[in-house]
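The values are calculated or read from the model by the stated rules, or taken from the named source; none is laboratory data. Quick caveat: nothing in here was measured; it's all calculated off a predicted structure. Ligands, DNA and RNA are stripped out before the accessible areas are found, and what is left, the full protein with its side chains, is counted by its heavy atoms. Shrake-Rupley method; radii C 1.70, N 1.55, O 1.52, S 1.80 Å.
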Amino acid sequence: MLFFLIAGHALMDFALQSDAMAVCKCRRTDNPIQKSVPWFYWLTAHALLHGAAVGVVLHWTTNNWDLALGFALAETVVHWFIDWGKCERLYNIHVDQGLHVGCKVLWWSLIAFEVVKVTA
């Protein structure tokens, strides 16, 4: 499960994130696309995709929609704020990626150590 959570993150943050999304999700960018689509739409869409990836992996591995949805929502919110902090230059991409992977380790740990019970 942990492998697939991290792989899902890599897929969404690198392979499937467009150049426009990578730039326009930051509010201080001067990309002309932001004149028609505000930064918070880009950032929210990006975070939702990450939440969806977590939800898909957790549903696939636990067969529990409630658990998958709960973690998907948590991932969406946390990913939004982590990326916002990076965009605001509160930290660099290395810290950003470490925080994202740390979240995946946390989600996995909560399930693996039965802090959150998996019931089908």
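Output the 0 to 90 degree angle, nearest 10, between the alpha-carbon long axis of helix 93-112 and the longest principal axis computed from the alpha carbons of the chain.
20 degrees
Top mean-square fluctuation among H46, H94, H79, Gaussian network model of the chain, C-alpha springs under 10 Å?
Comparing H46, H94, H79 in a Gaussian network model of the chain, the most mobile one is H94.
What is the percent carbon and sulfur in the accessible area of the chain, measuring with a 1.4 Å probe over the protein chains and ignoring ligands?
On the chain, the fraction of accessible area on carbon and sulfur atoms equals 70 percent.
Averaging sequence separations of C-alpha pairs under 8 Å and six or more residues apart, then dividing by the length of the chain, give the relative contact order as a whole percent. Write out the running numbers ahead of the final one.
Values: 121 pairs, mean separation 33.0, N = 120.
Taking the mean separation of contacting Cα pairs over the length of the chain, I get 27 percent.
To the nearest 10 degrees, how steep is helix 39-62 against the longest Cα principal axis of the chain, on a 0 to 90 scale?
Taking the Cα atoms of the chain, the angle to 39-62 is about 20 degrees.
Roughly how tilted is helix 65-87, in degrees to the nearest 10 and between 0 and 90, from the longest Cα axis of the chain?
30 degrees
Could you identify which residue out of L43, L73, L11 has the top mean-square fluctuation in a GNM of the chain using Cα springs shorter than 10 Å?
L11
Heavy-atom accessible area per residue, the chain, 1.4 Å probe: how many Å²?
58 Å²
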